[in-house]
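This report refers to the structure that appears directly beneath it.
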Amino acid sequence: MFIPDEILDEIRSKADLVELVSQQTPVKKSGKDYWACCPFHKEKTPSFKIDPQKQLYYCFGCKKCGNVFHYVQELVNTDFLGAAQWLANRYGIYIPENSATSKQEQDRRKTWQENCMKLLNDAANWFQANLSKPEAAPAVNYLNSRGLDQESIRKFKLGYSLDSWDATITWAEKLGYTQDMLTATGLTTKKDEPNAKPYDRFRGRLIFPISDELGRVVGFSARLLDPEAKVAKYVNSPETEFFQKGKLLYGLHFARQAFKTAGKALICEGQLDVIACHRAGLTHAVAAQGTAFTDFHAKILKRSTEHVTLAFDADTAGQKATLRTTALLHEQGINVSIATLPEGDDPDGIFRKGGQQALTAILDQTYPAIPFIFESSKKIYQIDKPDELSKVVRQLLEVIQPFPDLIVRAGPCKWLAQQLNLPERLIMDELATMDASARKQAMPSAGPTPIQATPQPSQRRPFLPPFAIPQVGESTLQALLELILQSKSLAENLAQNEEVGPLIPDTPLGNAINLVLAHADQDEWDLAQQAILNSDLIADPTIAKIFSTPAFVNFSPESTDDDAQRNFKEAKQLVAFQDCVNKLILEEINRQLAELKTKLVASTSKEEVQVLQDETLQLITRKQSLQASAGR
């Protein structure tokens, strides 16, 4: 079976590795990544890291890694095609029955899609070229009235669709494009009548080409130029295989790199607002395309930034959009701030009146979303009236509830209770009631079926424990944990040691070591001690004993020792660390030697005996070398 590339791309764009893993085990955010207990082997503390931007995972315990397809392959014991089909079913993606057609047919399909994409790009260039024609005067006058300069017109490829029923059709056919392509790309339409002929969708309008995140034109938004006309102000491309407005953010291909520089994304309401922001140097501005902000938009932003500023109109519609968008962004764990725009104004209008300085000054003045929404609610409701106070609380909780992290929720709930002089418990109880109601509503439509980690009987593989080695001495692991807790460099050294990593057992001490290594790899080593103290591991007597010793009670990562003392201490730590590492490796070598001895006794083949003897000799040589370095 052959699954087309465009379907695999759609699966990649819709699938969320964090969400998939959270179906199996609790997932917690730390820094820019997410952490969980590994779904592939038993452990008590998280060593499974997920990179949400790259959609990749890596386990520091069992060393499994990969993308969303690899994850499903491993978890449900299937091949790549099986994983793709499973993900397609989960996310409602249709894989045509003819996916098993010949490679020749797939190549033909790919060529047709490439030609359609070329048509869209050529159409954008043609629309832009039309601006130089005399009949485009209404569009040119409008652009001048909005203060659009030639550089912005060129950058965003603004254009004009001729006021004709077939100008686009005639132009396209001269270049060899077919009517099927014009229909598939949404450039033409027709009435729902028998024998109806197609005609140009965009006629006599200002054209805004819409690009995907790679900068490829996938559709158009066309603005009315005659204010007296009794038709829609905007006409957008219809939903096609190339244009899905719920997945597109206007200006994203320009803004993505700027997210890193600005440290956030700026969301506006319209295309002209985005263009105005970019002209003012605020190149991290984007806008939802022809639809309300969606959860898919939030996921797109989540992969590039942790912070978003909303710059919506101050009218009633803008306030509703602010509430809804904030909730969707909070659901992805994104921090939201609000820019307060003057009533009746928008970024485009501010820029035209006051220029870059005025727009930058207003958009730099932002407020955290929850306090902003609270103050806005107080302007609508009278909080001294119980029924209206309840509405304020409810409105705030509707944007707090989507936070996936219960601890993150607690902060704004406490803040809200203080602002209203209410018991914090009352706010938390109301939030719990909302959670219960949401779960009850979700029950009839059970939603996606959780991943079944247990394969079918016919597929089941022999069970092998993730760490099939004898338990190493507790004293060695205890010493190793103490050393990596006291030395960041040693922790980083051990995290990079691919030979020793798999030898750390799945015991409380082993899990504590893996937790420190995970933090070291994330450049958060100084948080490792507190992470252990906050976990169930601290209930283990050996670990509790480590943290109760004077060395740890008084320990601080910021050492005040002088250089001589520090160097002497580090040298002693390094010797002790290497000794622990050697003991772990020696333990594994002894296990392998015992296994080879058993095989030698059972072997009847001279060739096999020779191979086993060679392996035994290599291990003995390695063992002697390690023992010599340890001074034994």
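The values are calculated or read from the model by the stated rules, or taken from the named source; none is laboratory data. Only a predicted model underlies this, so the values are computations on that prediction, with no experimental measurement involved. Reconstructed Cβ throughout: ideal geometry from the backbone, glycine too, with neighbour counts over all protein chains shown.
Here are a few things to note about the model shown:
- For the range 400-433, the set of residues classified as within 21 Å of GLU306 (Cβ to Cβ) and of a type in the set (Ser, Thr, Tyr) is empty.
- Apart from one condition, ASN195 fits all of (1) part of a loop (DSSP other than H, G, I, E, B); (2) in contact (Cβ under 8 Å) with a residue 60 or more places away in the chain; (3) of a type outside the set (Gly, Ala, Ser); the exception is (2).
- Which numbered condition PRO227 fails, given (1) within 22 Å of ALA139 (Cβ to Cβ); (2) at pLDDT 95 or above: (2)
- Boolean, ASP163 is assigned by TED's automatic domain parsing to the domain that holds ARG108, assigned to a loop (DSSP other than H, G, I, E, B) and touching a Gly at 6+ places or on another chain (Cβ under 6 Å): yes
- Of all residues making up the range 52-81, the number that are at pLDDT 80 or above and in a helix (DSSP H, G or I): 10
- Only listed residue being in a helix (DSSP H, G or I), in contact with a strand residue (DSSP E or B) (Cβ under 6 Å, 6 or more places away or on another chain) and over 28 Å from GLN257 (Cα atoms), chosen from ALA129, ALA136, ALA84, ALA88: ALA136
- Count of the range 302-315 residues which are more than 16 Å from GLU269 (Cβ to Cβ) and not in a loop (DSSP other than H, G, I, E, B): 2
- Lone qualifier among ILE383, ILE362 - being touching a strand residue (DSSP E or B) at 6+ places or on another chain (Cβ under 8 Å) and surrounded by fewer than 21 Cβ atoms within 10 Å (Cβ to Cβ): ILE362
This table checks each residue for (1) in contact with a Phe, Trp or Tyr (Cβ under 8 Å, 6 or more places away or on another chain); (2) among the hydroxyl-bearing types (Ser, Thr, Tyr); (3) over 21 Å from GLU269 (Cα atoms); (4) assigned to a helix (DSSP H, G or I).
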position	(1), (2), (3), (4)
SER337	yes, yes, no, no
GLU343	no, no, no, no
ILE350	no, no, no, yes
GLU398	no, no, yes, yes
ARG409	yes, no, yes, yes
CYS413	no, no, yes, yes
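- Members of the range 395-421 that are farther than 20 Å from SER22 by Cβ and in contact (Cβ under 8 Å) with a residue 40 or more places away in the chain: GLN395, GLU398, VAL399, PRO412, TRP415, LEU416, GLN419
- Against the numbered list (1) within 26 Å of PRO502 (Cβ to Cβ); (2) touching a residue at least 60 places away in the same chain (Cβ under 8 Å); (3) touching a helix residue (DSSP H, G or I) at 6+ places or on another chain (Cβ under 6 Å), VAL68 comes up short only at (2).
- Residues that are more than 17 Å from HIS330 (Cβ to Cβ) and assigned to a helix (DSSP H, G or I) within the range 384-396 comprise PRO386, ASP387, GLU388, LEU389, SER390, LYS391, VAL392, listed in sequence order.
- Exactly one residue out of THR322, THR261 is polar (S, T, N, Q) and surrounded by fewer than 17 Cβ atoms within 10 Å (Cβ to Cβ), and it is THR261.
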